[in-house]
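The values are calculated or read from the model by the stated rules, or taken from the named source; none is laboratory data. Quantities reported herein were computed from a predicted structural model and do not represent experimental measurements. Virtual Cβ from ideal backbone geometry, glycine too; neighbours counted across all protein chains shown.
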Amino acid sequence: MEWKWKAILDMTPLLKSSRYCLLRDDGKELHVLTLGTNRLSWRAVECCIPHCSSGKWICISGVLYYIATESGPSSGESMVVCFDLRSEKFSSVTLLGGFNKALPHSTTMINYNGRLGLLMSSENSGYVSRSCKSFKLWVLRDAATLEWSKRVYVLC
């Protein structure tokens, strides 16, 4: 089977290096190349979180976020997988109250003032478009405590 790969470039001026990542579309493989060092070599980064990526991702302040579905005992529940480009460590954010077990496929991830935001609508199969009368914005306030804030915007 042929896989699609997504490319991410993180510029870190303070470290005087940049990281170039390749993420396989299903989230099962991630390879990192650090630029600005004497040694250029790709390395695979292992992820111990059983999941399957939705293929949607966003990079905010050196952290790659992507929506995934748990595989294993909690199979089918949505979560957000996080990959810190500096430490090269994976973590996950479980979605709490207010979310269904599975996020709509139409959920859009945005950078909301340097934080992860999830945009969704209960209209148009969940897509936020010009014809929507309202949409919800969930913002991840604190990944450690799983604190989310929710705002509902009603359009005239």
Notebook entry, point to check: When you go through (1) at pLDDT 80 or above; (2) closer than 17 Å to residue 116 by Cβ; (3) not basic (Lys, Arg) one by one for residue 44, which number turns out not to apply?
Noted result: (2)
Item checked: Pairs where the first residue, in segment 104-118, is over 19 Å from residue 146 (Cβ atoms) and the second is crowded, with 16+ Cβ neighbours inside 10 Å and β-branched (Val, Ile, Thr), C-beta under 6 Å, 6+ apart -> 111/60
Margin query: Suppose we keep only residues that are of a type in the set (Lys, Arg) and surrounded by fewer than 12 Cβ atoms within 10 Å (Cβ to Cβ) within segment 35-83. Which one would you say is nearest to residue 141 (Cα to Cα)?
Written below: 43
Check: If you take the residues in segment 56-107 that are touching a Phe, Trp or Tyr at 6+ places or on another chain (Cβ under 9 Å), of a type in the set (Ser, Thr, Tyr) and not in a loop (DSSP other than H, G, I, E, B), which one is modelled with the lowest pLDDT?
Finding: 78
